[in-house]
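The values are calculated or read from the model by the stated rules, or taken from the named source; none is laboratory data. Given the structure is predicted, the values throughout are model-derived calculations rather than measurements. Cβ placement follows ideal geometry from the backbone for every residue including glycine, while neighbour counts extend to all protein chains displayed. These area figures cover heavy atoms from the full protein model, side chains too; ligands, DNA and RNA do not enter into them. Shrake-Rupley method; radii C 1.70, N 1.55, O 1.52, S 1.80 Å.
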Amino acid sequence: MSEIFNIGLGNNRPEIRKQSESDFVSFWDNQAKKLCWFSPWQKTLEWNPPFAKWFQGGSINASYNALDIHQETNSQKPAIIWEAESGESRILTYRDLWMEVQKFANALKSLGIKKGDRVTIYLPMVPELPIAMLACARIGATHTVVFSGFSSASLRERIEDSRSKLVITSDGGYRRGKIIKLKEIVDEAIQDFDFVKNVIVLERTKEPFQLTSKDKIWSELVQGALAECESERLDSLHPLYILYTSGTTGKPKGVLHGTGGYLAHLHSTFGWAFDIKDSDVFFCTADIGWVTGHSYVVYGPLLHGATEIIFEGAPDYPDASRMWEIIQKYKVTIFYTTPTALRMFMKFGNDIPRSFDLSSLRLLGTVGEPINPEVWRWYYTIIGKEKCPIIDTWWQTETGGMMISPLPGIETIPLKPGSGTRPIPGVKISVVDEEGRPVKPNTKGYLIIQNPWPGMLLTLWGDDEKYQKTYWSKYQNIYYSGDFAKIDEDGYFWLLGRADDVLKVAGHRIGTAEIESCIVSHQDIAESAVCGIPDDIKGEVIISFAVLKENVKKDWLILKHEIFEKIRKDIGPIATPKQIYFVSKLPKTRSGKIMRRLLKSIANNEKIGDTSTLEDGTAVSEVQSAFEELQKSINEKNS
Ligand code: ATP
Ligand code: MG
């Protein structure tokens, strides 16, 4: 029997789920009507597997729905409250944002950018980043945002892949007090790219940089630009953006999203999951360079006319109290972050968050990885003071928006730590075996999506074949998510890690998340990752990696014994790892996800593959040396 939290908060609108159950197409038809369309669609869904066309024939504009529709009623409401790394801040009302976007859209036009062109945006977390995206959307240019932490080689690859006509960047960005010279990285990336006609440079740091003949300065371009630029009437299927996945399981994939369906999905899910009210102050910590930033920093909140915080920098810089300080300062009501960030905050102890007034919070969200039940409880107790529901949202770059999540905007259901509860209305998600048959409750299998949904990717940019092969070839006309999961006796979904990482030990299949959560529930452990390596006798053996909490100084043999005992007791002897390696950090993607494939390659003495999204190369060398040292000491003992 799992632990249940009854949280009385939320609305009770059972009719929404009911409507979705009778006919998912007419259900989404009704949801899409909440957006502002220039002309209605002729067909709600044309499903020609694996290509879905939502709201075909309808015309719409994302920038119009994010900005223009609020001008009559909410123009003076803050849209973006920006906190710079230095602590400096800036507030842009819906009117300000609208004006800036129109000016910049005209500036883009003056450089010959038009509907259908691709524009690469390589900016730090400053208000000009959403301004640039919304300006592209306004004129029908497809934006492709590249996270500003990427190297010039990764940036180059993405600019080339999208064949962007324009790159928008800044002289630099701040990261942990240092200036990263983004313009220099762009110059290196676009050498010999004749198809890149211009580079717009925002003067963020005011550090000198070299001007080339392609460069235009942001402030000069907008200075003379008119603050009036009509939104293009775009087809519902018009490509809004290209965005690359995190690269956790392999080389990042270029996901292409359309407009009408994507916006309908975001409008619905943002309202359902966050029960958004006019008085809310929403704070999502994701960088806009990732899908969470696109969907729930830029488009979702603005569609709803919400006030939100955008912050620049790292969540633990200048110190571990940065997030709690922002929440206190702006009386944040909804906070949306990642399990990785939470595990880091936990590692620093409870005193820091306890010394801040977090009483304004009413909802707490999480996304990106399975949240370990221990971390869930900490979030619920220490940050939410046992009064805020934890909104654990499962989704992917490909799904565009949330797919499994508690939805206090429409229903109140009890929560279970570590479960995202149930799929959103209007989608059909299941867990199946190798042959595609639904598995029994509490049995592990592959998470699949049975019907097309509005936020679904259009395809992989320029590669329909890979799109078909990656998501639609394992099962016929069914979307394969690549995640491993189970559904319990109450219909609650539990994400158990990546299907590629499933451990097969002595005939049993175990999700990485199960063992990792067990290790993290040990009081001295902050983070953990497990992977399998081949074994002559057992087929596969489990090896584990763990990061200790701050100031833990226990003998590693004692710790190992305690952790293995815990795994034996909580999961069973077969889940006991062969070895545990203590390291100070784990290799992660730049979006904060543990890259188990690298651990596996190191342990197997193999080449480590694509590392373009690896955040910190020293994590790999540390794992490598921890592995070698322990191997050496074991060999010495044996000889
Ligand atoms: P790549 O596809 O390049 O390997 P990625 O899958 O990490 O990278 P994203 O689209 O950023 O790229 O992440 C989606 C994945 O993140 C999901 O497939 C899932 O594994 C994980 N995920 C996201 N949210 C949750 C959640 N709430 N619980 C469990 N897992 C989650
Ligand atoms: Mg993925």
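Observations, loosely collected:
- Residues in the stretch 259-291 that are touching a Pro at 6+ places or on another chain (Cβ under 6 Å) and open to solvent by less than 10 Å² (accessible area, probe 1.4 Å) were compared, and the one that is farthest from ligand 2 (Cβ to nearest atom) is Phe282.
- Residue match in the stretch 232-240 (condition: over 28 Å from the mean Cα position of the chain (by Cα) and not basic (Lys, Arg)): yes
- Any hit, the stretch 529-544, residues being within 14 Å of ligand 1 (Cβ to nearest atom), crowded, with 18+ Cβ neighbours inside 10 Å and of a type outside the set (D, E, K, R): yes
- Residue in the stretch 13-21 that is aliphatic (A, V, I, L, M), farther than 24 Å from Met403 by Cα, over 24 Å from the mean Cα position of the chain (by Cα) and not in a strand (DSSP E or B) present: no
- Subset of the stretch 197-219 [among the charged types (D, E, K, R), in a loop (DSSP other than H, G, I, E, B) and within 23 Å of Lys103 (Cβ to Cβ)]: Lys197, Glu203, Arg204, Lys206, Lys214
- Qualifying residue in the stretch 125-134 (condition: open to solvent by 10 Å² or more (accessible area, probe 1.4 Å), within 25 Å of the chain's Cα centre (by Cα) and farther than 17 Å from Val222 by Cα): yes
- Residues located in the stretch 223-235, provided they are within 29 Å of Gln56 (Cα to Cα) and open to solvent by 30 Å² or more (accessible area, probe 1.4 Å): Glu228, Glu230, Glu232, Arg233, Asp235
- Hits in the stretch 236-257 (condition: within 12 Å of ligand 1 (Cβ to nearest atom) and either touching a Lys or Arg at 6+ places or on another chain (Cβ under 9 Å) or open to solvent by 20 Å² or more (accessible area, probe 1.4 Å) (or both)): Tyr244, Thr245, Ser246, Gly247, Thr248, Thr249, Gly250, Lys251, Pro252, Lys253, Gly254
Residues are listed down the side, and each one gets a yes or a no for (1) in contact with a Lys or Arg (Cβ under 7 Å, 6 or more places away or on another chain); (2) open to solvent by 40 Å² or more (accessible area, probe 1.4 Å); (3) away from ligand 2 (no atom under 15 Å from the Cβ):
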site: Gly418; (1), (2), (3): no, no, yes
site: Ile424; (1), (2), (3): no, no, yes
site: Lys440; (1), (2), (3): no, yes, yes
site: Tyr479; (1), (2), (3): no, no, no
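- Unmet criterion (only one of (1) out of contact with any Pro (no Cβ under 9 Å at 6 or more places or on another chain); (2) within 16 Å of ligand 1 (Cβ to nearest atom); (3) outside any loop (DSSP other than H, G, I, E, B)) for Val222: (2)
- In the set (1) surrounded by fewer than 17 Cβ atoms within 10 Å (Cβ to Cβ); (2) touching a residue at least 60 places away in the same chain (Cβ under 8 Å), the condition left unmet by Lys607 is number (2).
- Residues in the stretch 98-124 that are of a type in the set (Phe, Trp, Tyr) and either closer than 19 Å to Trp461 by Cβ or open to solvent by less than 20 Å² (accessible area, probe 1.4 Å) (or both): Phe104, Tyr122.
- A count restricted to the stretch 568-616 and to residues that are part of a helix (DSSP H, G or I) and either farther than 29 Å from Ile558 by Cβ or of a type in the set (S, T, N, Q) (or both) stands at 2.
- Test: residue in the stretch 564-573 that is in contact with a strand residue (DSSP E or B) (Cβ under 7 Å, 6 or more places away or on another chain) and at negative phi: no
- Condition check for Asp524: open to solvent by 10 Å² or more (accessible area, probe 1.4 Å) and either at pLDDT below 95 or within 16 Å of ligand 1 (Cβ to nearest atom) (or both): no
- Residue match in the stretch 169-177 (condition: farther than 28 Å from Ser612 by Cβ, in contact (Cβ under 8 Å) with a residue 24 or more places away in the chain, assigned to a loop (DSSP other than H, G, I, E, B) and open to solvent by less than 20 Å² (accessible area, probe 1.4 Å)): no
- Pairs with Cβ under 7 Å, 6+ apart, first in the stretch 340-354 and within 13 Å of Lys593 (Cα to Cα), second part of a helix (DSSP H, G or I) and among the β-branched types (Val, Ile, Thr): Leu342/Val375; Arg343/Val375
- Restricting the stretch 387-402 to residues that are out of contact with any Gly (no Cβ under 8 Å at 6 or more places or on another chain) and not polar (S, T, N, Q) leaves a set whose member that is most open to solvent (accessible area, probe 1.4 Å) is Lys387.
- Of all the residues in the stretch 545-579, those that are open to solvent by less than 10 Å² (accessible area, probe 1.4 Å) and within 19 Å of Lys347 (Cα to Cα) number 5.
- Hey, Lys474 within 16 Å of ligand 2 (Cβ to nearest atom), open to solvent by 10 Å² or more (accessible area, probe 1.4 Å) and in contact with a strand residue (DSSP E or B) (Cβ under 6 Å, 6 or more places away or on another chain) or not: yes
- Pairing residues of the stretch 14-26 that are assigned by TED's automatic domain parsing to the domain that holds Pro423 with residues that are open to solvent by less than 40 Å² (accessible area, probe 1.4 Å) and part of a helix (DSSP H, G or I), at Cβ distances under 7 Å and at least 6 apart in sequence or on separate chains, gives Gln19/Phe27; Ser20/Phe27.
- Filtered residue count, the stretch 359-377, keeping only those that are away from ligand 2 (no atom under 16 Å from the Cβ) and open to solvent by less than 20 Å² (accessible area, probe 1.4 Å): 9
- Test: residue in the stretch 182-196 that is more than 24 Å from Lys109 (Cβ to Cβ) and part of a loop (DSSP other than H, G, I, E, B): yes
- Qualifying residues in the stretch 343-366 (those that are among the aliphatic types (A, V, I, L, M) and touching a strand residue (DSSP E or B) at 6+ places or on another chain (Cβ under 7 Å)) - the one nearest to Thr292 (Cα to Cα): Leu364
- The residues of the stretch 136-185 that are touching a Pro at 6+ places or on another chain (Cβ under 7 Å) and over 30 Å from Pro318 (Cβ atoms) amount to a single one, Thr142.
- Of the strands (runs of 3 or more DSSP E) contained entirely in the stretch 463-521, those carrying at least 2 residues that are more than 13 Å from ligand 1 (Cβ to nearest atom) fall at 503-505, 508-510.
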